[in-house]
Ligand SMILES: Nc1ncnc2c1ncn2[C@@H]1O[C@H](COP(=O)(O)OP(=O)(O)OP(=O)(O)O)[C@@H](O)[C@H]1O
Ligand SMILES: [Mg+2]
């Protein structure tokens with residue numbers, strides 16, 4: 001029970017973090033039709049910028065400055081990179097973001113090296129928030145959850161209550177029409193791309209120190225975010241939300257469970273031939289399977305429901 | 001008011017318009033007729049800045065050929081596409097508000113005017129536009145563009161697939177637009193309403209203008225009608 005509650009809180013905070021990434025990715029996809037392979041690279045930049053800034057002026061300024069910086073970088077990427085690539089079609093755009101992913105990784109290698117950097121939880125938040133049964137729960141995890149919920153609520157209000165939000169929503173279905181009505185859609189694209197990157201950057205700021213800040217983090221998180229978006233349905237914010245929480249739980253729980261199919265069958269009284277090759281497969285624990293589990297679930301989703309959980313596109 | 005000369009348009013490598021010349025005067029209603037695939041929609045998309053083109057497009061005396069679509073719209077050109085393109089998840093009211101180029105833009109048309117002309121829009125004001133019928137969506141598309149207070153509106157096959165009763169409503173809106181001094185470039189395939197309301201017309205075939213004149217002149221010219229209009 002205690003294990004369950006703690007893991008549930010952990011999966012919630014991780015799931016919300018995933019949603020900060022997948023919401024931007026899916027919004028950018030449904031608006032511009034481009035799947036940004038480098039989305040998680042902006043998450044990584046958020047973490048590194050926050051590390052660098054907090055070295056000089058502390059964590060709190062970094063919490064504000066790093067996402068802003070990442071957002072500006074993202075907007076510039078759209079304005080002077082993606083917009084040009086767009087003229088040559090979706091394949092060119094995809095290749096552009098692919099190249100960007102490796103470019104950012106190499107730049108991070110150059111500046112901060114290949115080893116993890118010492119980006120830490122600020123002392124002001126490094127205490128135990130409360131105790132569940134006998135386990136104390138870290139305040140920083142609570143802070144992560146609060147930050148994510150506040151950001152996502154603001155995003156929701158921005159999209160539904162403001163004029164720019166309406167323009168964004170309209171551009172999801174008919175960008176050309178929105179432009180023909182006199183709205184500067186190219187600028188809206190730039191803002192959405194920049195905003196999505198800023199959100200990813202913020203996730204990096206609050207996730208980089210809770211987990212680890214190293215050059216491989218973009219690839220590691222990027223693939224999971226990709227799985228989340230495909231699973232939830234490309235272009236669906238609600239789908240991305242459900243899938244984020246779901247994969248947050250899958251990843252958190254699976255690494256901690258050492259149950260296996262063999263164990264289950266044996267506890268049901270099924271006699272197994274321990275010398276057969278199949279026994280090894282059956283006795284793989286869930287924890288051992290954890291790394292493949294997300295991909296397995298994604299492949300199954302694509303086979304049985306190619307548009308994803310709540311997606312509408314056939315692709 | 002609108003002066004198009006030697007307009008060529010392209011979709012990728014395919015060359016669709018071959019030197020179109022056309023003009024629409026102030027407060028004038030002009031029709032652009034032709035069969036499926038003649039290039040009528042392409043012509044107005046090219047004027048709007050939404051397809052690759054060469055040639056000159058002048059509006060109110062200045063060249064707008066190189067401008068992006070949103071700047072063309074801000075010059076006072078309105079566009080009502082044939083595919084309607086309402087914003088399905090937004091309410092009818094929100095759709096109309098997005099027709100305005102900025103919050104609270106004042107012009108010839110108010111939300112109240114729209115509701116008076118088409119009471120069904122008032123009834124459905126808070127419903128998502130996506131659940132409305134095809135005819136209601138067509139009214140919404142027209143009204144949405146008018147909310148931006150254009151001086152010239154290019155309307156692509158507005159009566160396609162509409163019940164006669166709704167066609168009548170749409171025709172009434174055209175009268176109202178005329179009374180308020182708007183110019184209209186109406187793309188049609190059928191001659192019925194086009195001949196009734198327009199002062200001048202063009203017939204297009206294979207990406208070129210093949211006839212220009214008054215409705216009477218077209219009615220008198222059986223050869224043009226046989227060759228370029230009737231199916
Ligand atoms: N997006 C596109 N890509 C390539 N070719 C196109 C595209 N849109 C139209 N065309 C081609 O351009 C030509 C002119 O099309 P256009 O839509 O302008 O015709 P139209 O006169 O409006 O007729 P209708 O609306 O009845 O089809 C057609 O041959 C059509 O196949
Ligand atoms: Mg057409």
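Kindly state which helices (runs of 4 or more DSSP H) lie completely within the range A:142-253 and contain at least 3 residues that are touching a strand residue (DSSP E or B) at 6+ places or on another chain (Cβ under 8 Å), at pLDDT below 95 and more than 14 Å from every other protein chain (Cβ to nearest Cβ).
Details: elements: A:163-173, A:175-180, A:185-208, A:217-232.
Hits in the range A:142-253: none.
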- [ ] Taking the residues in the range B:178-192 that are outside any helix (DSSP H, G or I), within 16 Å of the chain's Cα centre (by Cα) and away from ligand 1 (no atom under 16 Å from the Cβ) as candidates, determine which candidate is surrounded by the fewest Cβ atoms within 10 Å (Cβ to Cβ).
- [x] B:181
Open item on the list: Can you tell me which residue is farthest from the other protein chains (Cβ to nearest Cβ) among those in the range B:46-68 that are in contact with a strand residue (DSSP E or B) (Cβ under 8 Å, 6 or more places away or on another chain) and without any contact (Cβ under 8 Å) to a residue 24 or more places away in the chain?
Closed with: B:63
Task: Where residue B:9 falls short, out of the listed (1) away from chain A (no Cβ under 14 Å); (2) over 30 Å from residue B:223 (Cα atoms); (3) touching a helix residue (DSSP H, G or I) at 6+ places or on another chain (Cβ under 8 Å) - done: (2)
TODO: Filter the range B:155-170 for residues that are under 13 Å from the mean Cα position of the chain (by Cα) and more than 16 Å from ligand 1 (Cβ to nearest atom) and give the result.
DONE: B:170
Open item on the list: If I filter the range B:126-138 for residues that are at negative phi, at pLDDT 90 or above, buried (at least 23 other Cβ atoms within 10 Å of the Cβ) and within 18 Å of the chain's Cα centre (by Cα), do I get at least one hit?
Closed with: yes
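Looking at residue B:208, is it touching a residue at least 12 places away in the same chain (Cβ under 8 Å) and under 18 Å from the mean Cα position of the chain (by Cα)? Quick ask: steps written out before the conclusion?
Working: touching a residue at least 12 places away in the same chain (Cβ under 8 Å): yes; under 18 Å from the mean Cα position of the chain (by Cα): no.
So residue B:208 does not fit the description; no.
What strands (runs of 3 or more DSSP E), lying completely within the range B:1-87, carry at least 2 residues that are away from ligand 1 (no atom under 13 Å from the Cβ) and over 20 Å from residue B:149 (Cα atoms)?
Values: elements: B:2-11, B:14-24, B:29-34, B:52-59, B:77-80.
The strands (runs of 3 or more DSSP E) meeting that bar are B:2-11, B:14-24, B:52-59.
Would the range A:114-121 turn up any residue that is assigned to a helix (DSSP H, G or I) and crowded, with 18+ Cβ neighbours inside 10 Å?
Within the range A:114-121, none of the residues are assigned to a helix (DSSP H, G or I) and crowded, with 18+ Cβ neighbours inside 10 Å.
Taking the range B:88-98 as the region of interest, how many residues are in a loop (DSSP other than H, G, I, E, B) and more than 9 Å from chain A (Cβ to nearest Cβ)? Working first, answer last.
We begin by selecting, within the range B:88-98, every residue in a loop (DSSP other than H, G, I, E, B); these are B:88-90.
Checking the rest, the ones that are also more than 9 Å from chain A (Cβ to nearest Cβ) come to none.
Summing the residues that are in a loop (DSSP other than H, G, I, E, B) and more than 9 Å from chain A (Cβ to nearest Cβ) in the range B:88-98 gives 0.
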- [ ] Could you grab me the full set of residues in the range B:99-130 that are within 14 Å of another protein chain (Cβ to nearest Cβ), in contact (Cβ under 8 Å) with a residue 24 or more places away in the chain and out of contact with any helix residue (DSSP H, G or I) (no Cβ under 7 Å at 6 or more places or on another chain)?
- [x] B:100, B:105, B:107, B:128, B:130
TODO: Report yes if residue B:164 is farther than 13 Å from residue A:181 by Cα and either at pLDDT below 90 or out of contact with any helix residue (DSSP H, G or I) (no Cβ under 6 Å at 6 or more places or on another chain) (or both), otherwise no.
DONE: yes
TODO: Would you confirm whether any residue within the range B:31-47 is away from ligand 2 (no atom under 16 Å from the Cβ) and crowded, with 20+ Cβ neighbours inside 10 Å?
DONE: no
Task: Residue check for residue B:116: away from ligand 2 (no atom under 16 Å from the Cβ), out of contact with any strand residue (DSSP E or B) (no Cβ under 7 Å at 6 or more places or on another chain), part of a helix (DSSP H, G or I) and more than 24 Å from residue B:27 (Cα to Cα) - done: no
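Within the range B:142-177, restricting attention to residues that are within 14 Å of another protein chain (Cβ to nearest Cβ) and in a loop (DSSP other than H, G, I, E, B), which residue is farthest from ligand 2 (Cβ to nearest atom)?
So the first thing to find is which residues in the range B:142-177 are within 14 Å of another protein chain (Cβ to nearest Cβ), and the list is B:142-156.
If we keep only those that are in a loop (DSSP other than H, G, I, E, B) too, we end up with B:147-151.
On the way: B:147: 24, B:148: 22, B:149: 25, B:150: 20, B:151: 23 Å.
The residue in question is B:149.
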Task: Unmet criterion (only one of (1) out of contact with any helix residue (DSSP H, G or I) (no Cβ under 9 Å at 6 or more places or on another chain); (2) touching a residue at least 24 places away in the same chain (Cβ under 8 Å); (3) within 16 Å of ligand 2 (Cβ to nearest atom)) for residue B:16 - done: (1)
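Quick check on residue A:64: is it farther than 28 Å from residue A:256 by Cβ and at pLDDT 95 or above?
Working: farther than 28 Å from residue A:256 by Cβ: yes; at pLDDT 95 or above: yes.
Here the answer is yes, as residue A:64 does meet what is asked.
The values are calculated or read from the model by the stated rules, or taken from the named source; none is laboratory data. Keep in mind that what you see is a predicted model, and the values were worked out from it rather than measured. Positions of Cβ are generated from backbone atoms using ideal geometry, with glycine treated the same way; all protein chains shown enter the neighbour counts.
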